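Asks: One structure, pasted below without further comment.
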Amino acid sequence: MPLSRRDLLCGVSAATAGFAFGRPAWTATASPNDVRQIPSTQTPVPVIGLGSWITFNVGDDPALLEQCADVIAAFAEEGGGMIDCSPMYGSSPDTIGYGLERLEDPSTIFSAEKVWTSAPGEGPDQIARSAEKWGVSNFDLLQVHNLRAWEAHLDHLFSMKDAGRLGHVGVTTSHGRRHETLERIMRAHPIDVVQLTYNAFDREAEARLLPLAQDRGIAVIVNRPYRRGALIDRFRGAPLPGWAPEIGADSWAQVLLKFAISHPAVTTAIPATRKVAHLRENKAAARGPLPNAALRRRIADDLSRL
Amino acid sequence: MGTWLTYAPGDFLMFGPEVYWRLFELQNRALWPLPAIVGLAGVACLLLVATRRPVAIRSVLMLAALACLGAAHFLATRYAPINAPMVYAAWGFGLQALVMTIVAVIGSRNLSDRDGAAATATGWALLGYATILHPFVGLAFGRPLAQAELVGIAPDPTALACLGVLSLVWPGRWGIAWSAIPFLWCVFSAATLRTLGEPQGWVLIAALLLWFLGRSTFVFIPRGRA
Ligand SMILES: NC(=O)c1ccc[n+]([C@@H]2O[C@H](COP(=O)([O-])OP(=O)(O)OC[C@H]3O[C@@H](n4cnc5c(N)ncnc54)[C@H](OP(=O)(O)O)[C@@H]3O)[C@@H](O)[C@H]2O)c1
């Protein structure tokens, strides 16, 4: 659901975003493709976010911590957006905290964490520890990671949201797993956000989940847009297809990302990277034209044949 | 159960190769000049074993116990922050330190025993590889010497050295039992390296095969023919 500039400016002023860091300041130069809305709260979110699995799990390696902080700084400079993490990702929450601390203005960052434990009683403590690592008092979004003990965790997250201690509630899955359960949750619970895997090769979500998200006004976060880099490796060295200039794609990464974010149900995609150049390339994928429905079909066909 | 079948080994990977190899560089730097000392101590151990004297063998076993504690320290302080279950592996190496101490106390065999010739050869090969060659193997795969994995600091060469020493001093079935922890570690580490796409995983697999062959000739072939 791309926004017009007018929508965007109204949306920003009315938004409840920036829950963790204060009101966001998305640039007036943002193109309509750059920023979308979380339907339930009208919160604007830049369409290209940042994942943190593996890439930000660097322990206390000073050189790699600096590298990650540079990526977060470049992300903020490029307009910011959603940074996604989980207590499952090793030292990634600490790395994010390290990077955020160095930002002069973190207000463009939309903080998305997860709760990941089979013991529902441990959820609140885990969330508190994550907040401490990030250096925030509240999160913009908390998601039940991989639907683990989702019923009990959702109860807690909804109560946090009601108490004004949380911006949005969501659930996640990946690799096409447990889509039936996800569908049931989307139908039965007032979640704001759903996170799932979607790219030109993993398209199961197109059949039911993405249309359902549109129907029910649930924002969609796309994880694994590059299948953890495997899709980029697959096309490395191959010439870009003839239609790439039509969508302003300069690289295979941008082709893949433009495909994912051009689905009308998608709110944001969260590619992970530890390289500033890749971060900028990913951010640039939101600028310029996106493929229409006909070209999307062609892209999926052509890529599956390559 | 159905969902678990959809997971591939790579889905359990928590970190990338660069982060992994840099752990050794950071540890070597933090402990310097210990890496130089343990490198020399490894060579000294080979010389001690060559003397075949019980007191020398016992000293090597005690040094191997110390090396296990060094590897446990690496696992707990460097590896666990990027891979939480490594805390259990650290306890495992702690336990192996105890095993090596027990073996040092309760005995070692006569190294000229012809019945254990294959196990002895394997033991020499593994101990020699772990102490002398393994620190340099990274160079062959394009990594700097600063990331060298050394016995007593890094878990892989420490585990291989334990397998080697135990093959030398205890070639029978009990020797296999004493080797369980380093063996399991090497299997885990080889799987991790292969999942990371690192060819060095094959080196560990080759070392494990060698260990298995050396051991099986002693344990499974009737005495006098091995
Ligand atoms: N169940 C869940 O909740 C769940 C499951 C999976 C993922 N996620 C979330 O989704 C995020 C993204 O998924 P992912 O990390 O699995 O994989 P991904 O974003 O599909 O791929 C990440 C890989 O792509 C490479 N890359 C990124 N941008 C690139 C570019 N422009 N050119 C070339 N290579 C590029 C990165 O390497 P470089 O560092 O070299 O750039 C990295 O290795 C995760 O980080 C996580 O936050 C959530």
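The values are calculated or read from the model by the stated rules, or taken from the named source; none is laboratory data. Being a predicted model, the structure only gives us computed values, none of them experimental. Because the Cβ atoms are built from the backbone with ideal geometry, glycine has one as well, and the counts that use them run over all protein chains shown. Accessible surface is based on the protein model in full, side chains and every heavy atom, while ligands, DNA and RNA are left aside. Shrake-Rupley method; radii C 1.70, N 1.55, O 1.52, S 1.80 Å.
Asks: Could you calculate the FRET efficiency of A:Lys275 with B:Phe136 from 1/(1 + (r/R0)^6), where r is the beta carbon distance between them and R0 is 22 Å, rounded to 0.05?
Replies: Result of the calculation: an efficiency of 0.15.
Asks: Quick one: order B:Ile102, A:Ile221 from most to least accessible surface, probe 1.4 Å.
Replies: B:Ile102, A:Ile221
Asks: State in Å² the accessible area per residue of the protein assembly as shown; use a 1.4 Å probe, count heavy atoms of protein chains only, and round to the nearest integer.
Replies: On the way: 22020 Å² over 532 residues.
That works out to 41 Å² for each residue.
Asks: Which shape class applies to segment A:45-305: rounded if a/c is under 1.5, otherwise prolate when a/b exceeds b/c and oblate if not, where a ≥ b ≥ c are the square roots of the Cα gyration tensor eigenvalues?
Replies: The shape class here is oblate.
Asks: Between A:Glu183 and A:Asp301, 0.36 nm times their residue separation minus their Cα-Cα distance comes to what?
Replies: Full extension of this stretch gives 39.8 nm more.
Asks: Would you mind working out the magnitude of the charge dipole of chain A relative to its Cα centre, with +1 at each Lys and Arg C-beta and -1 at each Asp and Glu C-beta, to the nearest 20 Debye?
Replies: 940
Asks: Let me have the 222 nm mean residue ellipticity of chain B computed from DSSP H runs of 4+ only, each contributing -39500 (n - 2.57), with the sum over all residues rounded to the nearest 500.
Replies: Calculated at 222 nm, the ellipticity per residue is -22000 deg cm²/dmol.
Asks: Taking a virtual spin label 7 Å from the Cα of B:Ala44 along the C-beta vector, which residues in segment B:151-181 bring their backbone nitrogen under 16 Å of it?
Replies: B:151-153
Asks: With heavy atoms of protein chains only and a 1.4 Å probe, what residues of segment B:69-93 have at least 40 Å² less accessible area in the full set of chains than alone?
Replies: Listed in order, they are B:Pro81, B:Ile82.
Asks: For the charge dipole of segment A:45-305, defined by +1 on Lys and Arg C-beta atoms and -1 on Asp and Glu C-beta atoms about the Cα centroid, which residue among A:Gly49, A:Gly121, A:Gly99 has the Cα displaced farthest towards the positive pole?
Replies: Positive-most Cα among the choices belongs to A:Gly49.
Asks: Quick one, what does Rg over Rh come out to for segment A:166-263 if you take C-alpha atoms and the Kirkwood Rh?
Replies: 1.04
Asks: While we're on this one: In whole Å, what are the extents of the protein assembly as shown along the principal axes defined by its C-alpha atoms, from largest to smallest?
Replies: Result, largest extent first: 87, 51, 43 Å.
Asks: I would also like to ask the following. Compute the long axis of helix B:86-106 from its Cα atoms, compare it with the longest principal axis of the Cα atoms of chain B, and write down the angle in degrees, 0 to 90, nearest 10.
Replies: For helix B:86-106, the angle is close to 10 degrees.
Asks: How far apart, in nanometres, would the label points at A:Glu101 and B:Phe12 be if each is projected 7 angstrom from Cα along the Cα-to-Cβ direction?
Replies: 3.4
Asks: Tell me the mean residue ellipticity at 222 nm calculated for chain A from its helices only (DSSP H runs of n ≥ 4, each -39500 (n - 2.57), averaged over every residue, nearest 500).
Replies: That comes out to -11500 deg cm²/dmol.
Asks: Which one of A:Asp155, A:Asp202, A:Asp70 has the biggest mean-square fluctuation once chain A is modelled by GNM with Cα springs under 10 Å?
Replies: Residue with maximal mean-square fluctuation among A:Asp155, A:Asp202, A:Asp70: A:Asp155.
Asks: If you take the beta carbon distance between B:Arg53 and A:Asp60 as r and set R0 to 45 Å, what does 1/(1 + (r/R0)^6) give as a FRET efficiency, to the nearest 0.05?
Replies: Given R0 = 45 Å and the Cβ-Cβ separation, E is 0.55.
Asks: Separate question: A:Phe139's amide H: which non-local residues (gap 5+, or another chain) put their own amide H closer than 5 Å, with H modeled 1.01 Å from N in plane and none for Pro or chain starts?
Replies: Under 5 Å from the amide H of A:Phe139: A:Gly167.
Asks: Relative contact order of segment A:45-305: what whole-number percent is it, with Cα pairs under 8 angstrom and at least 6 residues apart?
Replies: 20
Asks: In the Gaussian network model of chain B, springs joining C-alpha atoms below 10 Å, which of B:Val19, B:Val137, B:Val60 carries the largest mean-square fluctuation?
Replies: Residue with maximal mean-square fluctuation among B:Val19, B:Val137, B:Val60: B:Val19.
Asks: Rounded to the nearest 0.05, what FRET efficiency is calculated for A:Asp155 and A:Glu204 with R0 set to 30 Å and r the Cβ-Cβ distance?
Replies: 0.60
Asks: Right, something else. Could you pull out the chymotrypsin sites (Phe, Trp or Tyr not before Pro) across segment A:179-268 that fall in loop regions by DSSP (anything but H, G, I, E, B) with no more than 12 other Cβ atoms inside 10 Å? Provide the component values of the computation, followed by the final result.
Replies: Values: sites: A:Tyr198, A:Phe201, A:Tyr226, A:Phe235, A:Trp243, A:Trp252, A:Phe259; in loops: A:Tyr198, A:Phe201, A:Tyr226, A:Trp243.
Filter output for segment A:179-268: empty list.
Asks: With only Lys, Arg, Asp and Glu charged, each at its Cβ (+1 for the first two, -1 for the last two), find how big the charge dipole of the protein assembly as shown is about the Cα centre; round to the nearest 20 debye.
Replies: 1480
Asks: Charges on Cβ only, +1 for Lys and Arg, -1 for Asp and Glu, centred on the Cα centroid of chain A; of A:His189, A:His145, A:Leu240, which one is farthest towards the dipole's positive end?
Replies: The residue sitting farthest along the positive end of the dipole is A:Leu240.
Asks: Going through segment B:1-58, which chymotrypsin sites (Phe, Trp or Tyr not before Pro) have at most 11 other Cβ atoms within 10 Å and a DSSP loop state?
Replies: Answer in residue order: B:Tyr7.
Asks: Continuing with this model, one more query. Rounded to the nearest percent, how much of the accessible area of chain B (1.4 Å probe, protein heavy atoms only) is carbon and sulfur?
Replies: Values: 7540 of 10240 Å².
Carbon and sulfur: 74 percent of the exposed surface of chain B.
Asks: A further question on this structure: Once amide H atoms are placed 1.01 Å from N in the peptide plane, what residues at a sequence separation of 5 or more from A:Thr43, or on another chain, have their amide H within under 5 Å of its amide H?
Replies: Those qualifying (amide H under 5 Å, at least 5 residues apart or on another chain) are A:Thr16, A:Ile38.
Asks: Counting only protein heavy atoms, probe 1.4 Å: which residues of segment A:43-60 lose 40 Å² or more of accessible surface in the full assembly compared with their chain by itself?
Replies: Buried by the other chains: A:Trp53, A:Ile54, A:Asn57.
Asks: Additional query: Assign unit charges at the C-beta atoms only (+1 for Lys and Arg, -1 for Asp and Glu), then state the dipole size of chain B relative to its Cα centre in Debye, rounded to the nearest 20.
Replies: 680
Asks: Once phi is turned into ³J(HN,Hα) by the Karplus curve 6.51 cos²θ - 1.76 cosθ + 1.60 with θ = phi - 60°, what whole-Hz value does each residue of segment B:77-84 show in order, with x for glycine and proline?
Replies: 9, 9, 7, 4, x, 9, 7, 3
Asks: Let me ask you something else. Work out from phi, with θ = phi - 60° and the Karplus expression 6.51 cos²θ - 1.76 cosθ + 1.60, the ³J(HN,Hα) of each residue of segment A:55-64, listed in order in whole Hz, and give x for Gly and Pro.
Replies: Listing the rounded values in order: 4, 9, 8, 10, x, 10, 5, x, 5, 6 Hz.
Asks: Another question about this same structure. Roughly what would the spin-label model give for A:Arg234 and A:Arg287, points 7 Å off Cα along C-beta, in nm?
Replies: 2.9
Asks: How much of the accessible area of segment A:73-165, probe 1.4 Å, is carbon plus sulfur, in whole percent?
Replies: The computed percentage sits at 45.
Asks: If you keep only loop residues by DSSP, which trypsin sites (Lys or Arg not before Pro) in segment A:182-263 have at most 11 other Cβ atoms within 10 Å of their Cβ? Walk me through the numbers on the way to the answer.
Replies: Working: sites: A:Arg184, A:Arg187, A:Arg203, A:Arg208, A:Arg216, A:Arg227, A:Arg228, A:Arg234, A:Arg236, A:Lys258; in loops: A:Arg203, A:Arg208, A:Arg227, A:Arg228, A:Arg236.
In loop regions of segment A:182-263 (DSSP not H, G, I, E or B), the sparsely surrounded trypsin sites (Lys or Arg not before Pro) are A:Arg236.
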